[in-house]
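Take a look at the structure set out below.
Derivation of every value follows stated rules applied to the coordinates shown; laboratory data play no part. Just so it is clear, the structure is predicted and the values come from calculations on it, not from any experiment. Reconstructed Cβ throughout: ideal geometry from the backbone, glycine too, with neighbour counts over all protein chains shown.
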Amino acid sequence: MNRVRPIAIVMLMACSAAPPPVAIVPGRSAVIGDNTFRTQATGTIVTARRVLGEQAATGQALLKQVDLGPAQHSPHIRLAGARAWFALARDLTKSSPHSAYEAAHHGASELGPDYAKPTVVDDTHTKQWLAEGEAEHGHHDRAAYTMTRVLQSRIRLYERRYALAVE
């Protein structure tokens, strides 16, 4: 006769339970390069500062349920950086379209290629290619507009893909 031992049931229950929430000590902070990390009850806020010429902007991301140490090595830091570049591109659009294009291009590079779920049909690569062509031909207004929209779209796709980990 097959009998289940009580110890096996306890082990099965223990292994199948959700992991306990991370114990985060609010109020701690660290600065590494152009990134500032600050803990709060729900995770760690990353503030990224990006500079282009004499202009600077910041972007933030909340790394959900991540304590200070692991936050400093999180791949999601790039979302805060991309948001900073987006803010910079948006701020420079009228005064310096060439710089706005540059900022948006830096943001797309920092965000990297893993911003969308594999099932998403993404046309931002084509739009980026068009923006690069416009920039090469000196049409900086159009290049800045298109590249800034590319970055904005990729940030939104990133937010959707990693919604459980970062906001």
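At most 12 other C-beta atoms within 10 Å and a DSSP loop state: those are the exposed trypsin sites (Lys or Arg not before Pro) I care about. Give me the longest piece of the chain that has none. Provide the component values of the computation, followed by the final result.
Working: sites that count: 3, 94.
It runs 4-93.
Over the chain, what portion of Cα pair distances is larger than 25 Å, expressed as a whole percent? Display every interim value, and only then the final one.
Working: 6134 of 13861 pairs.
Considering the chain, 44 percent of its Cα-Cα pairs are separated by more than 25 Å.
What's the magnitude of the charge dipole for the chain around its Cα centre, counting Lys and Arg as +1 and Asp and Glu as -1 at the beta-carbon? Answer in Debye, nearest 20. Write down the numbers at each step before the final one.
Numbers: 19 positive and 15 negative charges, 175 e Å.
It comes to approximately 840 debye.
Angle, helix 140-161 long axis vs. longest principal axis of the chain, Cα atoms, 0 to 90°, nearest 10?
It is inclined by approximately 10 degrees.
Could you pull out every residue, at least 5 positions away or on a different chain, whose amide H is within less than 5 Å of the one on residue 56? Hs are placed 1.01 Å off N in the peptide plane, and Pro or chain starts have none.
none
How much length is gained on full extension from residue 136 to residue 95, taking 0.36 nm per residue of separation minus their Cα-Cα distance? Numbers along the way, then the final one.
Details: separation 41, 0.36 × 41 = 14.76 nm, distance 1.92 nm.
Length gained, residue 136 through residue 95: 12.8 nm.
Report the full-extension gain for the segment residue 127 to residue 29: residue separation times 0.36 nm, less the Cα-Cα distance, to one decimal in nm.
31.4 nm
How much FRET efficiency would the formula 1/(1 + (r/R0)^6) give for residue 51 and residue 163, where r is the Cβ-Cβ distance and R0 is 30 Å, rounded to 0.05?
On the way: r = 29 Å, r/R0 = 0.97.
Computed FRET efficiency for residue 51 and residue 163: 0.55.
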